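Notes follow the structure.
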């Protein structure tokens, strides 16, 4: 093959990749709404543009070549437009990495992208969809974003190639085990793990529908076609008899949400804390629910959710069933006191509406940091099954030198409500309408605390 044939083949490959990028963006946006920007700058290796997703204006880019100066310039212009207009931005990641031929200018390119992303953090929602290679410095781009979406196969993201890691042979399975979607989801680096590319695009559209367009947008309810006063009698018997037997919290959440739809994030990471979004009477609400003891990873997951909601004016709803902290040497070494304190700080500083529902166990300082009245929750409801105490029952009986009946009389929700730490005890089947009532009441909440940008949680 002569030089001309090599060049022609390369150009053909670039054109094919560009067409694939355009096609991906067209599939992401509402039909016929995508408008490409900078279409004649094909050598940049990225397609940029804007359009509508569920009627909302959104900016997006899709990579189709290595990152160089022209690549970064196109993305930078898109970010400036998105932040000026107060619209979300979505990046589809699929790149061969840095454009080495650009030399030191390639680092300037990456620096420009990271600066634009950081400036947009907490201002407009940022979603990254990893659909191919995202290697080296390119892997910073999704991590800076608010949400990372990735399929289980045909995509990988890592800083260092397995081929150069000592003790790793660089085979395909090694790439998957280090930078595949399933691996990264378990480590808390992927918010939404999907079956395939099509599902990734649908998930991004769902998030755009749930999120506000920017940090200045107030709480604006969307149209709700679900019964606001709907009840569910099955919730009246959903709490098991055993104090440590898990409650099906996901069933509770889906039962009370509009149209029974709950969009969970970080499902594969720190499974004893459940986080995600749902609508109540058309109002998007960020949900944090626990079930059992709280671990280090769970505090990180919950704190990021609180920070995200606070940055974008999304009310916080917590479902509490917590026995305490994980008491292990490993937990201490991993910094459970640091990350618990951070969750406490995020929760107390949040200026958005905060509602807590105590399902069963609410024990000790672990209960304190889970959006309790003691740290500023606006409304706290308790189910009749709630046990609210400084210490667990057996320890309480021993330390306080009381019998079981007296412990129960001190820790039942009615006794705690009499002290003002619970607003009211509610019938479980009525939970949905109680949540909607509280959210509607709190919709105009104002706080004099200074505005803060969302910051990511260190892992």
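Considering only residues that are part of a loop (DSSP other than H, G, I, E, B), within 13 Å of residue 205 (Cα to Cα) and touching a strand residue (DSSP E or B) at 6+ places or on another chain (Cβ under 6 Å), which ones fall in region 16-57?
29, 30
Assess whether residue 398 counts as being surrounded by fewer than 23 Cβ atoms within 10 Å (Cβ to Cβ) and closer than 16 Å to residue 294 by Cα. Steps first, please.
Details: surrounded by fewer than 23 Cβ atoms within 10 Å (Cβ to Cβ): yes; closer than 16 Å to residue 294 by Cα: no.
For residue 398, the condition - surrounded by fewer than 23 Cβ atoms within 10 Å (Cβ to Cβ) and closer than 16 Å to residue 294 by Cα - is not met.
Just name the residue that is modelled with the highest pLDDT out of those in region 159-179 that are closer than 16 Å to residue 94 by Cα and in contact with a strand residue (DSSP E or B) (Cβ under 6 Å, 6 or more places away or on another chain).
179
Tell me, which helices (runs of 4 or more DSSP H) lie completely within region 316-379 with 2 or more residues that are more than 23 Å from the chain's Cα centre (by Cα) and not assigned by TED's automatic domain parsing to the domain that holds residue 435? First the steps, then the outcome.
On the way: elements: 329-333, 336-349, 364-369.
No helices (runs of 4 or more DSSP H) qualify here.
Quick check on region 392-406: of everything there that is over 24 Å from residue 326 (Cβ atoms) and either part of a helix (DSSP H, G or I) or under 37 Å from the mean Cα position of the chain (by Cα) (or both), which residue is modelled with the lowest pLDDT?
Here is the first cut: in region 392-406, the ones over 24 Å from residue 326 (Cβ atoms) are 400-406.
If we keep only those that are either part of a helix (DSSP H, G or I) or under 37 Å from the mean Cα position of the chain (by Cα) (or both) too, we end up with 400, 404-406.
On the way: 400: 84, 404: 89, 405: 88, 406: 90.
Top of the filtered list is 400.
Could you grab me the full set of residues in region 205-225 that are assigned to a helix (DSSP H, G or I) and either touching a helix residue (DSSP H, G or I) at 6+ places or on another chain (Cβ under 6 Å) or farther than 18 Å from residue 287 by Cα (or both)?
Within region 205-225, just 205 meets the criteria.
Being surrounded by 14 or more Cβ atoms within 10 Å (Cβ to Cβ) and free of Cβ contacts under 8 Å to residues at least 12 places away in the same chain is true for just one of 418, 409, 404, 437. Which residue is that?
The conditions single out 437.
Being more than 22 Å from residue 284 (Cβ to Cβ) and in contact with a strand residue (DSSP E or B) (Cβ under 8 Å, 6 or more places away or on another chain) is the filter; apply it to region 328-358 and report the residue that is modelled with the lowest pLDDT. Step through it out loud before you land on a result.
At the first step, the residues of region 328-358 found to be more than 22 Å from residue 284 (Cβ to Cβ) are 328-342, 344-345, 348, 358.
When the remaining residues are screened for being in contact with a strand residue (DSSP E or B) (Cβ under 8 Å, 6 or more places away or on another chain), the result is 331, 336, 340, 358.
Values: 331: 80, 336: 89, 340: 92, 358: 97.
Here the residue is 331.
Got a number for residues in region 96-109 being at pLDDT 85 or above and surrounded by 21 or more Cβ atoms within 10 Å (Cβ to Cβ)?
The number of residues fulfilling the criteria is 1.
Out of the residues in region 191-221 meeting the condition of being farther than 19 Å from residue 30 by Cα and free of Cβ contacts under 8 Å to residues at least 60 places away in the same chain, tell me which one is surrounded by the most Cβ atoms within 10 Å (Cβ to Cβ).
Within region 191-221, the match that is surrounded by the most Cβ atoms within 10 Å (Cβ to Cβ) is 194.
Have a look at 44, 21 and point out the one that is more than 18 Å from residue 129 (Cβ to Cβ), modelled with pLDDT under 95 and over 23 Å from the mean Cα position of the chain (by Cα).
Details: 21 fails: more than 18 Å from residue 129 (Cβ to Cβ).
After applying the criteria, what remains is 44.
Can you name the residue in region 205-245 that is over 27 Å from residue 442 (Cα atoms) and out of contact with any strand residue (DSSP E or B) (no Cβ under 8 Å at 6 or more places or on another chain) and is also modelled with the lowest pLDDT among such residues? Break it down stepwise before answering.
Initial filter on region 205-245 (over 27 Å from residue 442 (Cα atoms)): 205, 234, 237-245.
Next, only the ones that are out of contact with any strand residue (DSSP E or B) (no Cβ under 8 Å at 6 or more places or on another chain) stay: 234, 237-238, 240-242, 245.
On the way: 234: 97, 237: 95, 238: 96, 240: 91, 241: 82, 242: 74, 245: 86.
Ranking the candidates gives 242 first.
The values are calculated or read from the model by the stated rules, or taken from the named source; none is laboratory data. Remember, it's a predicted structure, so these values are computed and weren't measured experimentally. Virtual Cβ from ideal backbone geometry, glycine too; neighbours counted across all protein chains shown.
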